[in-house]
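Trainee: Structure provided below as structure tokens; questions to follow.
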Amino acid sequence: MKDKDVRRLLLSVPAPDEQRAEERTWETVSRAFAEREVVPVARRVPWKLIAVAAAAAAVIGIAVSPVGSQVGGWIRDKVGREHVVGVAPSKPALVGLPGPGRLLVTGPSGVWIVHRDGSRRRVGAYDAATWSPNGLFVAAWKGRNLVALDPERTDEVHWSLTRQRIADTRWSPSGFRVAYRSGKSLRLVVGNGTDDRQLVERVAAVAPAWKLVREHVLAYAAMDGRVIVEDTDSRTRLWRTRRLPDPVSLAWTETGRLAVLSAGELRVFGPDSRLTRIQRLGAGLGDGILAARPGSETLAYSVFSKASGNGAVWLYDVEAGRATLLFSGAGRLDDLAWSPDGRLLLVGWAAADQWLYVASRPGGRVAAVSSVSAGFAPGVAGEAAFPRVDGWCCPRSFR
């Protein structure tokens, strides 16, 4: 199909409320394709072409109208599938972090700390972990046990407790409180391991999120789809949303806006509880995660299309209400972790067994590290499970 045929198709098959969007998509993709660099398969794939391919993958995976599917077929013919899932040549192993701080990683053999020089320290055989503020401690859990450890002396347990099965532990920015899910309930414990108590009897299986101030305000998802914001000191409910379609991830921005990612949409609520932004993600998109960029009003979020099998990571400017595609590829993109200085976004790409370090500005470069699984599975026979990034420490002190 020729370019003029595609343009004629777009203009001759109007659909309600879609023509303007489709024309903008055509202009963006065709302009990017015209600026491409032709690269042999054996050579380095430049970022400009990767960006074109990422936009193409988004159109292919997300477009649901007949016109959109025609454009998607044209893109596949012109660009080629290898570039849709391609990325610049990767380093063969983890040799160091491209930014400041330390990573907390959970692999088949447990939880690890990765230092900036690439050295790794095994914390222990835990299911997951989280940093305390400034990385002074690590809270790690396995089954019914929750412990607090010194990240440099992991054999030294500062405190421990045993409850129903533990998940989604989060340390407050002040360091004074720790929230965690236990069975179906949401509980709180003081940062020194004392005064453990139940906050809510039944909550959804979504990680709670602390507001990024010293006051102890916590957001959590209720069983009925509402998101509730509560002052945990006074045990006062501050506000709640209406029922939302299956919330999957929560995050606070620096100025106290609450972002809620749910099936098919991203919603942002202002400090006064007003709904200020709605970003439609597209039909059939879900299973994502949110990550707030440090020191900004910017969010990264991932989505996955079961229909196409593609995952995508987007950058969302809350002030402008604008989303920009950062990367798209085959398979899920489940892990998102910002560097402490907010310059890089780490993306876990299990299908390629890679970590991607994506520059925070649209059009920035992508650096990849390959064979990630083997680095966190010593002694594991056969193919190791892909590790999960539980955090990149620490805020502001590394700026």
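The values are calculated or read from the model by the stated rules, or taken from the named source; none is laboratory data. None of the values given here were measured: they were computed from a predicted structure. Positions of Cβ are backbone-derived with ideal geometry, glycine not excepted, and every protein chain shown enters the neighbour counts. Side chains are part of the model used for accessible areas, which takes the heavy atoms of the whole protein and leaves out ligands, DNA and RNA. Shrake-Rupley method; radii C 1.70, N 1.55, O 1.52, S 1.80 Å.
Trainee: Taking H placed 1.01 Å from N in the peptide plane, check which residues at least 5 places from Thr276 or on another chain put their amide H under 5 Å from its amide H.
Mentor: Counting only residues 5 or more places away or on other chains, the set is Val268, Phe269, Gly270.
Trainee: Quick one: Karplus J couplings for region 205-218, per residue in order, coefficients 6.51, -1.76, 1.60, θ = phi - 60°, nearest Hz, x for Gly and Pro?
Mentor: Ordered by residue, 3J(HN,Hα) equals 7, 10, 5, x, 9, 7, 5, 7, 9, 6, 5, 9, 9, 10 Hz.
Trainee: For Leu238, list long-range residues whose amide hydrogen, built 1.01 Å from N in the peptide plane, is under 5 Å from its own amide hydrogen.
Mentor: Val229, Glu230, Asp231
Trainee: In addition: If you take the alpha carbon radius of gyration of region 278-371 and divide it by 2.2 N^0.38 Å, what ratio comes out, to two decimals? All intermediate terms of the calculation are to be shown ahead of the outcome.
Mentor: Details: Rg = 12.6 Å, N = 94, 2.2 N^0.38 = 12.4 Å.
Dividing the Cα radius of gyration by 2.2 N^0.38 Å gives 1.02.
Trainee: Using square roots of five times the C-alpha gyration tensor eigenvalues, list the equivalent-ellipsoid semi-axes of region 157-196 in whole Å, biggest first.
Mentor: On the way: eigenvalues 52, 29, 13 Å².
Result for region 157-196: semi-axes of 16, 12, 8 Å.
Trainee: Now a separate question. Output ³J(HN,Hα) for region 97-102: one whole-Hz value per residue in order, computed from phi by the Karplus curve 6.51 cos²θ - 1.76 cosθ + 1.60 with θ = phi - 60°, and x for Gly and Pro.
Mentor: Along region 97-102, the couplings run 8, x, x, x, x, 9 Hz.
Trainee: Return the long-range amide H neighbours of Ser371 (sequence gap of 5 or more, or a different chain), with a cut-off of under 5 Å between placed amide H atoms.
Mentor: Amide H neighbours of Ser371, under 5 Å, 5+ apart: none.
Trainee: Return the sequence-ordered ³J(HN,Hα) values of region 253-261 in whole Hz as given by the Karplus equation 6.51 cos²θ - 1.76 cosθ + 1.60 applied to θ = phi - 60°, using x for Gly and Pro.
Mentor: Ordered by residue, 3J(HN,Hα) equals 8, 4, 8, x, 7, 9, 9, 10, 9 Hz.
Trainee: Please report, as a whole percent, how much of the solvent-accessible surface of region 216-363 comes from carbon and sulfur atoms (probe radius 1.4 Å).
Mentor: Details: 2480 of 5470 Å².
Carbon plus sulfur share of accessible area: 45 percent.
Trainee: With Kirkwood's inverse mean 1/r over C-alpha pairs for Rh, give me the Rg to Rh ratio of region 149-221, two decimals please. Mind showing how you got there, number by number?
Mentor: Details: Rg = 12.4 Å, Rh = 12.8 Å.
Using only Cα positions, Rg/Rh for region 149-221 is 0.97.
Trainee: For a Förster distance of 41 Å, can you work out the FRET efficiency between the beta-carbons of Gln198 and Arg365, rounded to the nearest 0.05? Intermediate results must be reported in sequence, preceding the final value.
Mentor: Numbers: r = 47 Å, r/R0 = 1.15.
About 0.30, to the nearest 0.05.
Trainee: Hey, with R₀ at 30 Å, roughly what FRET efficiency would Ser119 and His158 work out to, going by the Cβ-Cβ distance, to 0.05?
Mentor: On the way: r = 23 Å, r/R0 = 0.78.
Computed FRET efficiency for Ser119 and His158: 0.80.
Trainee: Separate question: Need the full-extension length gain, Asp287 to Asp272, defined as separation in residues times 0.36 nm minus the C-alpha distance. One decimal, nm.
Mentor: Numbers: separation 15, 0.36 × 15 = 5.40 nm, distance 2.80 nm.
Here the answer is 2.6 nm.
Trainee: Taking 0.36 nm per residue of separation and subtracting the Cα-Cα distance, what length does fully extending Arg235 through Ala374 add? Spell out each step's value before the answer.
Mentor: Values: separation 139, 0.36 × 139 = 50.04 nm, distance 4.52 nm.
45.5 nm is the gain from fully extending Arg235 to Ala374.
Trainee: To the nearest 0.05, how large is the calculated FRET efficiency for Arg242 and Ala205 if R₀ is 25 Å and r is the Cβ-Cβ distance? Don't skip to the end; give the middle numbers.
Mentor: Details: r = 20 Å, r/R0 = 0.81.
With a Förster radius of 25 Å, E is 0.80.
Trainee: Also, I was wondering about something else. How many percent of all Cα-Cα pairs in region 154-293 sit more than 23 Å apart? Present the calculation step by step, with values, prior to reporting the outcome.
Mentor: Values: 3211 of 9730 pairs.
Cα-Cα pairs in region 154-293 separated by more than 23 Å: 33 percent.
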